[in-house]
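The values are calculated or read from the model by the stated rules, or taken from the named source; none is laboratory data. The structure displayed is predicted, hence computed values, not measured ones. So basically every Cβ, Gly included, is an ideal-geometry build from the backbone, and we count neighbours across all protein chains shown. Please note that ligands, DNA and RNA were not included when accessible areas were found on the heavy atoms of the full protein model with its side chains. Shrake-Rupley method; radii C 1.70, N 1.55, O 1.52, S 1.80 Å.
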Amino acid sequence: MRFTEDNVTSPNTAEISEDSMAPTRKRMGTAERKRQILDSAIQFFARNGIDGQLRNLSKELGITHTLLYHYFPTKDALIQEVYKEVFESRWKPEWEELLDDESLTPEEKFNAFYLDYSNTVLTYDFVRILIFSGLSDHSISDRFFELLRTRLLPRLIRETRKYCGISDTSKPTQRELEFLMGLHGGVFYIGMRRWIYGQAIYAAESPNTEQEIIRDRVQSYLHSAKSLFA
């Protein structure tokens, strides 16, 4: 008798049941599962926007809607955790210490701050979630801009005045703030070009292009401020 693949069955294969071939699902602890949901939610909202439906997130995770709500009782609770993870946790107290360091010139402070700031925050999830929040309920964007207004912008205005030779310690004027936001927005736009429009920054093949752009914008801002305000 001539044997072929059709009439020969491996005895070992025949004995393996369908159940034994199924992969064993790893059971997660509470902290691990919550971490998994949060990490997935960050990517989900960055990809689909804040208005993305949690039932779709549950499907991506392979868990029930009920289980997701066990860890995050409301969508707002999940969004607040996303804010803490993506925005608050990246805020460096060292930035405030840098800007308060009297041994550095204002130009040195601006360059050092914005170079590190851009490396820290201009990521896919940060940029896209901030933009999506601004297009929906503002729950994240409002909190982040309040953080800027209270902990960053007054320091940058103070250093701008020093550069201009102004000793005024009063609250920043609306004109000063708007002029500063031109610089801040210009730096943020580097991330928007990459993660919103899908466009590489100028001369992307050069590893120092982004740093050069930031230094040019800082220098332009400070020189223009001296012309306008001094």
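Within the range 124-132, the presence of at least one residue that is touching a Ser or Thr at 6+ places or on another chain (Cβ under 7 Å) and closer than 19 Å to Met181 by Cα is confirmed.
In this entry, Glu32 is excluded by the filter for residues that are assigned to a helix (DSSP H, G or I), open to solvent by 90 Å² or more (accessible area, probe 1.4 Å) and either within 30 Å of Gly191 (Cα to Cα) or at pLDDT 50 or above (or both).
Taken over the range 153-171, the criterion of being over 11 Å from Phe229 (Cβ atoms) and touching a helix residue (DSSP H, G or I) at 6+ places or on another chain (Cβ under 7 Å) is satisfied by Leu153, Arg155, Leu156, Glu159, Lys162.
Here is a list: Ser118, Ser103, Ser89. Which entry is under 22 Å from Ile37 (Cβ atoms) and either touching a Ser or Thr at 6+ places or on another chain (Cβ under 6 Å) or at pLDDT 95 or above (or both)? Just a single option satisfies the conditions, and that option is Ser89. Evaluate the range 78-87: report whether one residue or more is over 16 Å from Gln43 (Cα atoms) and either small (Gly, Ala, Ser) or in contact with a helix residue (DSSP H, G or I) (Cβ under 8 Å, 6 or more places away or on another chain) (or both). Looking for residues that are over 16 Å from Gln43 (Cα atoms) and either small (Gly, Ala, Ser) or in contact with a helix residue (DSSP H, G or I) (Cβ under 8 Å, 6 or more places away or on another chain) (or both), one finds none in the range 78-87, hence no.
Among the residues of the range 35-60, those identified as open to solvent by less than 70 Å² (accessible area, probe 1.4 Å), in contact (Cβ under 8 Å) with a residue 12 or more places away in the chain and assigned to a loop (DSSP other than H, G, I, E, B) are Gly49, Ile50. Do we find that Ile63 is within 25 Å of Glu32 (Cα to Cα) and assigned to a loop (DSSP other than H, G, I, E, B) in this structure? So Ile63 passes the test. Is there a residue in the range 10-19 that is of a type in the set (D, E, K, R) and modelled with pLDDT of 85 or more? Checked against the condition, which is being of a type in the set (D, E, K, R) and modelled with pLDDT of 85 or more, the range 10-19 yields no hits at all.
Yes/no matrix, rows are residues, columns are (1) in a loop (DSSP other than H, G, I, E, B); (2) in contact with a Cys (Cβ under 7 Å, 6 or more places away or on another chain); (3) at pLDDT below 95:
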site: Leu180; (1), (2), (3): no, no, no
site: Gly185; (1), (2), (3): no, no, no
site: Ala203; (1), (2), (3): yes, no, yes
site: Pro207; (1), (2), (3): yes, no, yes
site: Glu212; (1), (2), (3): no, no, yes
site: Val218; (1), (2), (3): no, no, no
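Determine whether Ile190 is in contact (Cβ under 8 Å) with a residue 60 or more places away in the chain, over 24 Å from Thr120 (Cβ atoms) and open to solvent by less than 60 Å² (accessible area, probe 1.4 Å).
Values: in contact (Cβ under 8 Å) with a residue 60 or more places away in the chain: yes; over 24 Å from Thr120 (Cβ atoms): no; open to solvent by less than 60 Å² (accessible area, probe 1.4 Å): yes.
Criteria not met by Ile190.
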